[in-house]
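Heads up, the thing below is written out as structure tokens.
The values are calculated or read from the model by the stated rules, or taken from the named source; none is laboratory data. If you're wondering where the values come from, they're calculated on a predicted model, not measured in any experiment. Ideal geometry is used to build each Cβ from the backbone, glycine not excepted, and the neighbour counts take in all protein chains shown.
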Amino acid sequence: MAATIGGDLPSATRAESASDAGSATASPPGQTGPLLVDMAEIRAVLEYYASRQWTDGLPVVPVTESYLAEFLATTGKSPDDVVLAMPHLNRECTVRLAAINAAMAGCLPAYFPVVLAAWASLVGERYPTRGIWQSTTGTAPLLIVNGPVRARIGLNCAGNVFGSGFRANATIGRAIRLTAINVFGLHPHLLDQATQGTPAKYTLCIGEWEERSPWAPLHVEHGLSAADSAVTAMVIRNVVHIEARHTTVPEHLALDITGTIARTGARIHQTSSALVVLVPEHARMFHDAGWSKDDLRQFVFDHAANTRAELAAVGKDAISRHTYWRLPADHPDAMPDEASTSADPERVPALNSPAAVQIMVAGADNAGVSAVVETFGERGNPPSVVKVEDANEP
Amino acid sequence: MPAVSICTDSFVPAAEAMARLYGFPGYQFALMPHPLASLDDAQLRARARELLPDILRILGTES
């Protein structure tokens, strides 16, 4: 069984000059003079972490007690406070373990308050503590960051928002994954039984581009102040892009969104849920036509549906009385879905309520390409928005 | 109450990992071929019949 991290850290790595003629050496950027580090030793440290399987497959940053202390200094929480427990595994993650893995993921200490808010949001989100990270469904956590902390730590909310290139986005999301592996022992092929998984399992952390949104940002919509920073975690399956550069008619785009949400391949339960990530251009199009976020939500709810024939054609026209997952009506476990007893039993809504759709703005202001994030579960409840508490901020 | 866990062969590594986690390395469970979720009623009954000898063996029932 692969080891998990819970004990002592290695002592501080050497930082004196190296005279080994056979090894490549380098100075830190911006420094001249004598060489300070032995690259072969650095590689040996990286290989040590890899050999212990303390990794998502990519190299991790070696962590020392002194470096760990810089992370712990950013929070008023005790190192032994529990940030998330998984009782079915008899394992829990403490602030100290979360900090070790954040440092290993490449976070800077200033990111750690965001990582802790992410853990608190994941607790409120509930799916992770109930074992979803071990499921064949292969989900991943999406972290949405709002508020002034985005600018303080350089968290991207504009172009390539779901892509690479930004340390805060890359490493805050990765901190969650490394913790799942190293603290909870969720190694693929073992306790992580994901059938295919998703690229988001490496990292998925995005900012909302509040300054380009015509509406209140996500955290303000859910009760926080615009001056607060916040993290909202959502367990997701994938990100599906919507090409809509061609139209200025809000109904065109809204129907493209509903069609994506109601795709039959996504349907597992009675209904699904979604996070709509609009680019600024698309958000403005709705706003300029007089649509509020709630108007868009209502339109999507009203139109996102399948006909019963569509679901019957893919064998999803009933519900299992045991798992409540969709299956064919002639299956021995089948019982009628909720839509069967509605006024229009031939129409099967894809959403349980307008609140099953969350809306935010992110991505470059350069094209009409938005996204539907397929969030796991039926939802309809408020998202788990958690304020970032930074010990070094007023 | 005596119980026997049944799992499909696809989940052996995960099942063994959970057994180790709970301090029961070598915990025995009855195995059957994947897939299970797509079997019909008759196929499920056939699987149950095939599994019975192994379930009784793990329970320690005298034949």
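Taking the stretch B:13-63 as the search range and keeping residues that are of a type in the set (A, V, I, L, M, F, W, C) and in a loop (DSSP other than H, G, I, E, B), which one is nearest to B:Pro2 (Cα to Cα)?
My answer is B:Phe29.
Is there a residue being in a helix (DSSP H, G or I) and either farther than 27 Å from A:Thr247 by Cβ or modelled with pLDDT of 95 or more (or both) anywhere in the stretch A:361-369? Quick ask: steps written out before the conclusion?
Residues of the stretch A:361-369 that are in a helix (DSSP H, G or I), as a first pass: none.
Taking every residue of the stretch A:361-369 in turn, none turns out to be in a helix (DSSP H, G or I) and either farther than 27 Å from A:Thr247 by Cβ or modelled with pLDDT of 95 or more (or both).
Give me the residue from the stretch A:227-236 that is over 17 Å from A:Val161 (Cα atoms) and in contact with a helix residue (DSSP H, G or I) (Cβ under 7 Å, 6 or more places away or on another chain) and, out of that set, surrounded by the fewest Cβ atoms within 10 Å (Cβ to Cβ). I'd like the intermediate steps shown before the answer.
Within the stretch A:227-236, the first condition is being over 17 Å from A:Val161 (Cα atoms), and the residues that meet it are A:227-230, A:235.
Restricting the remaining residues to those that are in contact with a helix residue (DSSP H, G or I) (Cβ under 7 Å, 6 or more places away or on another chain) gives A:228-230, A:235.
Numbers: A:Asp228: 17, A:Ser229: 26, A:Ala230: 25, A:Val235: 21.
Filtering the stretch A:227-236 for residues that are over 17 Å from A:Val161 (Cα atoms) and in contact with a helix residue (DSSP H, G or I) (Cβ under 7 Å, 6 or more places away or on another chain), the one surrounded by the fewest Cβ atoms within 10 Å (Cβ to Cβ) comes out as A:Asp228.
Among all residue pairs at least 6 apart or on different chains, which show Cβ distances below 9 Å where the first residue, located in the stretch B:33-54, is within 12 Å of A:Pro332 (Cα to Cα) and the second is assigned to a helix (DSSP H, G or I)?
Within 9 Å, the pairs are B:Leu39/B:Ala46; B:Leu39/B:Arg47.
Output the qualifying pairs, or none if there are none: Cβ atoms under 6 angstrom, residues six or more apart or on different chains, first residue in the stretch A:173-197 and more than 8 Å from chain B (Cβ to nearest Cβ), second residue of a type outside the set (A, V, I, L, M, F, W, C) and assigned to a strand (DSSP E or B).
A:Ile176/A:Pro141; A:Phe184/A:Arg91; A:Leu186/A:Asp192
Considering only the stretch B:3-33, state which residues are surrounded by 12 or more Cβ atoms within 10 Å (Cβ to Cβ), more than 9 Å from chain A (Cβ to nearest Cβ) and touching a helix residue (DSSP H, G or I) at 6+ places or on another chain (Cβ under 9 Å).
B:Val4, B:Ser5, B:Ile6, B:Cys7, B:Tyr27, B:Gln28, B:Phe29, B:Ala30, B:Leu31, B:Met32
Find the residue count for the stretch A:199-220, including only residues that are among the aromatic types (Phe, Trp, Tyr) and surrounded by fewer than 24 Cβ atoms within 10 Å (Cβ to Cβ).
Qualifying residue count for the region: 2.
Within the set of pairs 6+ apart or on separate chains, which have a first residue in the stretch A:157-169 that is closer than 14 Å to A:Pro199 by Cβ, a second that is of a type in the set (A, V, I, L, M, F, W, C) and not in a loop (DSSP other than H, G, I, E, B), and C-beta atoms under 6 Å apart?
These pairs meet every condition: A:Phe162/A:Val239; A:Asn169/A:Cys205.
Would you check if A:Pro59 is modelled with pLDDT of 95 or more and either away from chain B (no Cβ under 14 Å) or within 30 Å of B:Ala15 (Cβ to Cβ) (or both)? Walk me through how you get there before you give the answer.
Working: modelled with pLDDT of 95 or more: yes; either away from chain B (no Cβ under 14 Å) or within 30 Å of B:Ala15 (Cβ to Cβ) (or both): yes.
Criteria met by A:Pro59.
Take the conditions touching a residue at least 40 places away in the same chain (Cβ under 8 Å) and surrounded by 22 or more Cβ atoms within 10 Å (Cβ to Cβ) and apply them to A:Val240. Does it pass?
In short, no.
So, of the residues in the stretch A:303-323 that are part of a loop (DSSP other than H, G, I, E, B) and either away from chain B (no Cβ under 14 Å) or charged (D, E, K, R) (or both), which turns out to be surrounded by the fewest Cβ atoms within 10 Å (Cβ to Cβ)?
A:Arg321
Would the stretch A:211-234 turn up any residue that is without any contact (Cβ under 8 Å) to a residue 24 or more places away in the chain, polar (S, T, N, Q) and part of a loop (DSSP other than H, G, I, E, B)?
Yes, the stretch A:211-234 contains at least one residue that is without any contact (Cβ under 8 Å) to a residue 24 or more places away in the chain, polar (S, T, N, Q) and part of a loop (DSSP other than H, G, I, E, B).
Take the stretch A:126-169 and flag every residue that is outside any loop (DSSP other than H, G, I, E, B), more than 14 Å from chain B (Cβ to nearest Cβ) and either farther than 15 Å from A:Val231 by Cα or touching a Pro at 6+ places or on another chain (Cβ under 8 Å) (or both).
Hits for the stretch A:126-169 are A:Pro128, A:Thr129, A:Arg130, A:Ile132, A:Ala140, A:Pro141, A:Asn146, A:Val149, A:Arg167.
Quick one: which residue in A:His252, A:His246 is surrounded by fewer than 17 Cβ atoms within 10 Å (Cβ to Cβ) and not in a helix (DSSP H, G or I)? Write out each step before concluding.
On the way: A:His252 fails: not in a helix (DSSP H, G or I).
Answer to the selection: A:His246.
Where residues in the stretch A:261-302 are surrounded by 21 or more Cβ atoms within 10 Å (Cβ to Cβ) and of a type in the set (S, T, N, Q), which of them is nearest to A:Pro349 (Cα to Cα)?
For the stretch A:261-302, the residue satisfying everything is A:Thr271.
Determine if the stretch B:11-27 includes at least one residue that is in contact (Cβ under 8 Å) with a residue 24 or more places away in the chain and within 14 Å of the chain's Cα centre (by Cα).
Of the residues in the stretch B:11-27, the ones in contact (Cβ under 8 Å) with a residue 24 or more places away in the chain are none.
No, because not a single residue in the stretch B:11-27 is in contact (Cβ under 8 Å) with a residue 24 or more places away in the chain and within 14 Å of the chain's Cα centre (by Cα).
Go through the stretch A:90-108 residue by residue and tally those that are surrounded by 19 or more Cβ atoms within 10 Å (Cβ to Cβ) and in contact (Cβ under 8 Å) with a residue 40 or more places away in the chain.
11
Would you call B:Arg57 under 29 Å from A:Leu327 (Cα atoms) and either more than 14 Å from chain A (Cβ to nearest Cβ) or among the hydroxyl-bearing types (Ser, Thr, Tyr) (or both)?
no
Is it true that A:Ser225 is in contact with a strand residue (DSSP E or B) (Cβ under 8 Å, 6 or more places away or on another chain) and either of a type in the set (D, E, K, R) or away from chain B (no Cβ under 14 Å) (or both)? I'd like the intermediate steps shown before the answer.
On the way: in contact with a strand residue (DSSP E or B) (Cβ under 8 Å, 6 or more places away or on another chain): no; either of a type in the set (D, E, K, R) or away from chain B (no Cβ under 14 Å) (or both): yes.
No; evaluated as a whole, the condition is false for this residue.
Return the residues of the stretch B:34-54 that are at the interface with another protein chain (Cβ under 10 Å from one of its Cβ atoms) and of a type in the set (S, T, N, Q); say none if nothing qualifies.
Matches in the stretch B:34-54: B:Ser38 only.
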